[in-house]
Amino acid sequence: MRLLLWLSERTVFFLALLFVLLTTGCEEDVTAILGTEKAFTLYGVLTPQADTQWVRVYPVEERLEPTRAESLNASFTSTDLTTGQVKTWQDSLIQEEDGRYSHVFWAPFRASYGHAYRLEVSGADKATTRVEANVPPETEIVVEEPRSLYDVRQLVKIQGKVPRLLKLMVVYEVKYKSGPSAQSVTEVPISYEGKASSVDGGWEIEVLLSRDYQDIREKLKARGLWQVGYGARLFGITARMMAVNKPWNPPGGKFDPEVLVQPGTMSNVNNGFGFVGAGFHLEESWLPDDEYVEKAGFRTD
Amino acid sequence: MSVLPFKRTLGVAQLTLFVFVLGLFPVLSHAQQATISGFVTDASDGQPLEGANILLESISGETVKGAAADQDGSYLIGGIPSGRHALTVSFIGYEVYRDTLELSEDEARTVNVGLAPDEEALEEVLVEAEGTAGAARVNAGHQEIRPRDLERIPSPDVAGDLASYLSTQPGVVSVGDRGGKVFIRGGEPSQNIVQLDGMPLYQPFHVLGFYSAFPSDIISNADIYAGGYGSQYGGALSSVIDVSTRTGNKKGFAGAVSASPFISTARLEGPLIKDRLSLIVSGRRSMLDHGASQYIDQPLLFSFSDVFAKLHSKPTEASRLWITGLKTYDRGTLGKGVEGSPAQEVRWENQAIGLHYLILPRWLPVKADLSISRSGLTSEFGPPEKPVRSSSINTTRLAVDATFPGESYEVAAGWTIDFVGLETHLGGMFQNIEEGSPPTLHQIAYYVAPEFRWGGFAVRPGVRMQFYNVRFDPYLEPRLRMSWDVGMHHFSAAGGLYQQEVVGLSDRRDAANVFTAWTNIPRREDDENKNDVRAGRLARAWHGIAGYRVRPNRWFELSVEGYYKELSNLFISEWTAFPRLTTRLQPATGHSYGAETRIELQADPFYGYINYGLSFTRYQARQASLQLWYGTEALDFRPPHDRRHQVNSLLGVTLYGFDLNLQWAFGSGRPFSRAIGFDGFVLVDDIENVANSPGNRRVIYEKPYNGILPAYHRLDVSLERTFVFDAAELTLQGSLINAYNRRNIFYLNVFTLQRADQLPLVPSIGLKLAFE
């Protein structure tokens, strides 16, 4: 009896398997594109430092087909959530290096510091894609006097509630050999990415002049510009960075296109894909007193 | 090059000495005894008779020694006491040869035998051939294939081809009737060893999947190892396809021409110096443009051709010398390019030439095969006039293989030295990468594989010592094959470690992608390679196979086999949403396991078999971004060649001189990556006008390999009749490929939704005229 039961179970199993094989085997069509409700992909930056704002708009399509020089048939508006002002953006067509066409929407206004903006793109029979971007408030860089104990350091303060600092870099302008300056001065950038500390009212960056001198020496050696008998004369220091909104946060602090290309990575767009940031460049130059410059290792004459 | 610690160097030297002495042991043990050796051939055409039995009996009638001729027809019997002996050489279908030998101590005599065909017993030859090969005759992953096996498979050509046969095997996944790629038991095409008379070939399968560089007309036999292969093979992870070719007729001229809407062929063979030097030349050319595509509702934008030649000579009674050459050409168009770019075309060319010198020296009881070959593959992909990708691999091989036969054992040992040159250019959307190396000493390998036999039990342990360019220390690869015959039951097992230094990179997002970029594993210590995930890490696989076969009577045979492959250090392209293959690699591991059942039936006038294969293959890739994208450290996926179920069946019947063959094949759907849609990508990494930033197209994929393509199934039918005249044979064949016109998908461009199907219902008529 048990054997019969076992056999009947096996028979049912094999019949079911045969049925599955035959039914799945009859299917000939393939659903390769699943489709999505998400309508558009947006990329752009709102900045007070430009008098025109630009945002690229890609429709989310079901085929990877050749692009055509025709209207996107979509409406693009921005709303200043601080003032309530609504602007309608214009479509424009650009041609990429490989001949493809892309749509860039634009509006002639300057984004305001500290204002929040909502961008909306709507197309016929498509849901609306939205993104909100907050422009960081206006910010000032204050460079404090250097400090010297074992080495030379200098505190740089970014005063203002900036959510995030990116591409933080300190650039040293140095002369590397005697003679006319025009032929022997070069800029040596030192990355300070991720070195800023958040403090009340802003950010602080401690510029390590002594350590940077060592880096500059190695970089000049690598470029074949280092002369042992001369060293490096410091002409000036410039701190450069981008003050940006909070979502502008690439994984690991690196802008790796192979990582960021994956949809959903560093994306702040609702009902769509892509990323729209907001921010501005910050830059401040200075030259410390000769006493500190020499103590850091540079020459001053 | 690193300096080796003394202890390690000593260990390697000791090991080398040990395995070398092991190889010499049979030679030493044969001292002071007589030896006979020679070649057994068909007296009518000079062809080697593999499997011929050689018996040496003492004059009293007691059997003292025996041997079977190998694929070259050679045999060697050592350890013979001096005295008078009766020699008997027999082979089913041939008249028995008898002679008496007076052998003195230490004598080594060459005895070549030509067996005359026995016309009355000709049918028995076929029976015997089917008994040693056959659809169910699998021995721990090993299957021996004869031309007769190939000719049974219906194809749009009168002659058979190894490619058509392979596609009927349960562990073999091909992407359809076009493409030129073969995946064996979870392995990838670049992980297969393919050899023609010992010459490595890298892409010998033609763009139209029925055909390869191995038509049945030129094949003597083919050994297919789906895994667990012995120590004589190395340098690849997955499987072996080892093809031996026929020699040309040494007695008289023979030839054949055939034509069909798919292919036309010609073969000519004959003696250049009677009984001493023969030549066989074979050429084939596709006829699709003027043939099949004219009457089926589908353009067949493929063309291919191959030319094979073999010059075989008998320099002395105890040696054979032959030169084999092969050249193939393939071109195929695979749909349109992305975004209106010109149609993508793939082209590849194989070239190979090799020289073999086989000797049975009188001064040593050994069969030695010295060979040198040069072979290469060049492939290109892209628009016809301006390919954007190209890759080439060239190998010069020096090899010495020796067999030391004994009474209850046999030792095979040998050296192989490969010089390999690689060159790859990946342009266009492949990011303009140039990579290559001039021909350098790539590997030196030494192997020894003794085989011991006790009654029905045979065990062949082996070790392969591989010195790869990637590091000085040798890589040791233990191997084991064993079998046990108990009455009608046959048990077998095999396993071992396999490593591969030359790897083929291809886009695993698409199994139909026919372009492979060849590269090698760089050394770890090179500064420029310190960030290369491949550096110093050879791809590696462990194989394990266990099988059972039973043949309760002459008309039924059943085999069941299970296998497991553990794969590590696979380097696969990182997952990317760009619509092109990235060359950034990520390490991956994988495993493949499954079971195969084969049933073969032979009851005159019927012949048939049914195979079922169940297979599971999974890869685990580790890409730094996976945690970010999918919240997991490793991407566990079914690669596109993971076909879960496969059924192949053949029914043949011979009635009134007609051979009718029906072949039905079923394969469950293969995985593929579905897309959600397409948009663009701009890297927003600065505060600037995005109109000035370059934009790229992007594929918004669902999670990788979540989709399953429709199942594949097809019925092919052929009807054949041969008319025999005095000096010629005319064969007419009619065939129906895809008899019920199933729309089997070959290729789906997920970017454009362009779909290319395999062949629709294709009727074909072919004829072949052979003369001798």
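The values are calculated or read from the model by the stated rules, or taken from the named source; none is laboratory data. Note that the coordinates shown come from a computational prediction; the quantities given were computed from them, not determined experimentally. Note that we place each Cβ from the backbone using ideal geometry, even for glycine, and neighbour counts take in every protein chain shown.
Checking each residue in segment B:665-689 for being within 7 Å of chain A (Cβ to nearest Cβ) and part of a strand (DSSP E or B) picks out B:Phe666, B:Ala675, B:Ile676, B:Gly677, B:Phe678, B:Asp679, B:Gly680, B:Phe681, B:Val682. Within segment A:186-224, the set of residues being surrounded by 15 or more Cβ atoms within 10 Å (Cβ to Cβ) and among the polar types (S, T, N, Q) comprises A:Thr186, A:Ser210.
Mind checking whether some residue in segment B:158-167 is in a loop (DSSP other than H, G, I, E, B), at pLDDT below 80 and not small (Gly, Ala, Ser)? The answer is no, given that none of the residues of segment B:158-167 is in a loop (DSSP other than H, G, I, E, B), at pLDDT below 80 and not small (Gly, Ala, Ser).
Is it true that some residue in segment B:690-712 is surrounded by fewer than 18 Cβ atoms within 10 Å (Cβ to Cβ), facing another protein chain (nearest Cβ under 7 Å) and touching a residue at least 24 places away in the same chain (Cβ under 8 Å)? Yes, because at least one residue in segment B:690-712 is surrounded by fewer than 18 Cβ atoms within 10 Å (Cβ to Cβ), facing another protein chain (nearest Cβ under 7 Å) and touching a residue at least 24 places away in the same chain (Cβ under 8 Å). Looking at segment B:724-772, which of its residues are part of a strand (DSSP E or B), within 14 Å of another protein chain (Cβ to nearest Cβ) and not charged (D, E, K, R)? Listed by number, the residues that qualify are B:Ile745, B:Phe746, B:Tyr747, B:Leu748, B:Asn749, B:Gln754, B:Ala756.
Within segment B:351-364, the set of residues being buried (at least 18 other Cβ atoms within 10 Å of the Cβ) and either among the aromatic types (Phe, Trp, Tyr) or in contact with a Phe, Trp or Tyr (Cβ under 7 Å, 6 or more places away or on another chain) (or both) comprises B:His356 only.
Here's the yes/no breakdown for (1) part of a strand (DSSP E or B); (2) surrounded by 19 or more Cβ atoms within 10 Å (Cβ to Cβ); (3) at pLDDT 95 or above:
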{"site": "B:Thr247", "(1), (2), (3)": "no, yes, no"}
{"site": "B:Lys250", "(1), (2), (3)": "no, yes, no"}
{"site": "B:Pro261", "(1), (2), (3)": "no, yes, no"}
{"site": "B:Leu268", "(1), (2), (3)": "yes, no, yes"}
{"site": "B:Asp275", "(1), (2), (3)": "no, no, no"}
{"site": "B:Gly283", "(1), (2), (3)": "yes, no, yes"}
{"site": "B:Gln294", "(1), (2), (3)": "no, no, no"}
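B:Gly495 meets each of the listed conditions (1) touching a Phe, Trp or Tyr at 6+ places or on another chain (Cβ under 8 Å); (2) at pLDDT below 75 apart from (2).
Report yes if some residue within segment B:517-536 is at pLDDT 95 or above and touching a strand residue (DSSP E or B) at 6+ places or on another chain (Cβ under 7 Å); otherwise report no. Let's see the steps before the verdict.
Initial filter on segment B:517-536 (at pLDDT 95 or above): none.
Among the residues of segment B:517-536, not one is at pLDDT 95 or above and touching a strand residue (DSSP E or B) at 6+ places or on another chain (Cβ under 7 Å), which makes the answer no.
Of the residues making up segment B:87-103, just one is at pLDDT below 90 and among the small types (Gly, Ala, Ser), namely B:Gly93. Filtered by the rule that a residue be more than 20 Å from the chain's Cα centre (by Cα) and either in a strand (DSSP E or B) or surrounded by fewer than 17 Cβ atoms within 10 Å (Cβ to Cβ) (or both), segment B:365-386 gives B:Lys367, B:Ala368, B:Asp369, B:Leu370, B:Glu380, B:Phe381, B:Gly382, B:Pro383, B:Pro384, B:Glu385, B:Lys386. When segment B:131-167 is filtered for residues that are buried (at least 24 other Cβ atoms within 10 Å of the Cβ) and β-branched (Val, Ile, Thr), the ones remaining, listed by number, are B:Val138, B:Ile145, B:Ile153, B:Val158. Among the residues of segment A:60-86 satisfying the criterion of being within 7 Å of chain B (Cβ to nearest Cβ) and surrounded by 21 or more Cβ atoms within 10 Å (Cβ to Cβ), which is modelled with the highest pLDDT? If we take residues in segment A:60-86 being within 7 Å of chain B (Cβ to nearest Cβ) and surrounded by 21 or more Cβ atoms within 10 Å (Cβ to Cβ), then A:Val60 is modelled with the highest pLDDT.
Determine whether A:Ser148 is surrounded by fewer than 18 Cβ atoms within 10 Å (Cβ to Cβ) and either modelled with pLDDT of 95 or more or in contact with a Pro (Cβ under 6 Å, 6 or more places away or on another chain) (or both).
Details: surrounded by fewer than 18 Cβ atoms within 10 Å (Cβ to Cβ): yes; either modelled with pLDDT of 95 or more or in contact with a Pro (Cβ under 6 Å, 6 or more places away or on another chain) (or both): no.
Taking the combined requirement at face value, the residue does not satisfy it.
Can you find even one residue in segment B:440-459 that is surrounded by fewer than 20 Cβ atoms within 10 Å (Cβ to Cβ), modelled with pLDDT under 75 and not in a loop (DSSP other than H, G, I, E, B)? Looking for residues that are surrounded by fewer than 20 Cβ atoms within 10 Å (Cβ to Cβ), modelled with pLDDT under 75 and not in a loop (DSSP other than H, G, I, E, B), one finds at least one in segment B:440-459, hence yes. The single condition among (1) buried (at least 16 other Cβ atoms within 10 Å of the Cβ); (2) without any contact (Cβ under 8 Å) to a residue 60 or more places away in the chain that A:Pro48 does not satisfy is (2). Against the numbered list (1) among the β-branched types (Val, Ile, Thr); (2) within 25 Å of B:Asp679 (Cβ to Cβ); (3) assigned to a loop (DSSP other than H, G, I, E, B), A:Val162 comes up short only at (2). Of the strands (runs of 3 or more DSSP E) lying entirely inside segment A:192-301, those containing at least 1 residues that are closer than 24 Å to A:Ile158 by Cβ, within 13 Å of chain B (Cβ to nearest Cβ) and among the aliphatic types (A, V, I, L, M) span A:233-244, A:272-286. Do we find a residue being in contact with a strand residue (DSSP E or B) (Cβ under 8 Å, 6 or more places away or on another chain), in a strand (DSSP E or B) and modelled with pLDDT under 85 anywhere in segment B:467-475? The answer is yes, given that some residue of segment B:467-475 is in contact with a strand residue (DSSP E or B) (Cβ under 8 Å, 6 or more places away or on another chain), in a strand (DSSP E or B) and modelled with pLDDT under 85. In segment A:110-125, of all residues being in contact with a strand residue (DSSP E or B) (Cβ under 6 Å, 6 or more places away or on another chain) and within 14 Å of chain B (Cβ to nearest Cβ), the one that is farthest from A:Gln49 (Cα to Cα) corresponds to A:Gly123. All of (1) touching a helix residue (DSSP H, G or I) at 6+ places or on another chain (Cβ under 9 Å); (2) surrounded by 21 or more Cβ atoms within 10 Å (Cβ to Cβ); (3) at pLDDT 80 or above hold for B:Ser735 with one exception: (1).
Say whether the condition of being β-branched (Val, Ile, Thr) and in contact (Cβ under 8 Å) with a residue 60 or more places away in the chain is met by at least one residue in segment B:597-605.
Residues of segment B:597-605 that are β-branched (Val, Ile, Thr), as a first pass: B:597, B:599.
Right, trim to in contact (Cβ under 8 Å) with a residue 60 or more places away in the chain and you get B:597, B:599.
The answer is yes, given that some residue of segment B:597-605 is β-branched (Val, Ile, Thr) and in contact (Cβ under 8 Å) with a residue 60 or more places away in the chain.
Does segment B:611-647 hold any residues that are out of contact with any Gly (no Cβ under 8 Å at 6 or more places or on another chain) and more than 14 Å from chain A (Cβ to nearest Cβ), and which are they? The answer is B:Asn611, B:Ala621, B:Arg622, B:Glu633, B:Ala634, B:Asp636, B:Phe637, B:Arg638.
Collect the residues in segment A:83-108 that are part of a strand (DSSP E or B), more than 19 Å from B:Gly695 (Cα to Cα) and in contact (Cβ under 8 Å) with a residue 24 or more places away in the chain, keeping them in residue-number order. Correct list: A:Ala107 only. Annotation: of all residues in segment A:256-301 being out of contact with any Phe, Trp or Tyr (no Cβ under 8 Å at 6 or more places or on another chain) and of a type in the set (Val, Ile, Thr), the one that is farthest from A:Thr36 (Cα to Cα) is A:Thr300.
Pairs are defined by a Cβ separation below 8 Å, a sequence spacing of at least 6 or placement on different chains, a first member in segment B:65-91 that is crowded, with 16+ Cβ neighbours inside 10 Å, and a second member that is among the polar types (S, T, N, Q) and at pLDDT below 85; the pairs so defined are B:Gly78/B:Gln33; B:Gly79/B:Ser29; B:Gly79/B:Gln33; B:Ile80/B:Gln33; B:His85/B:Ser58; B:Ala86/B:Ser58. Would you check if there is a residue in segment B:698-708 being touching an Asp or Glu at 6+ places or on another chain (Cβ under 7 Å) and either assigned to a strand (DSSP E or B) or not polar (S, T, N, Q) (or both)? Yes, segment B:698-708 has at least one match.
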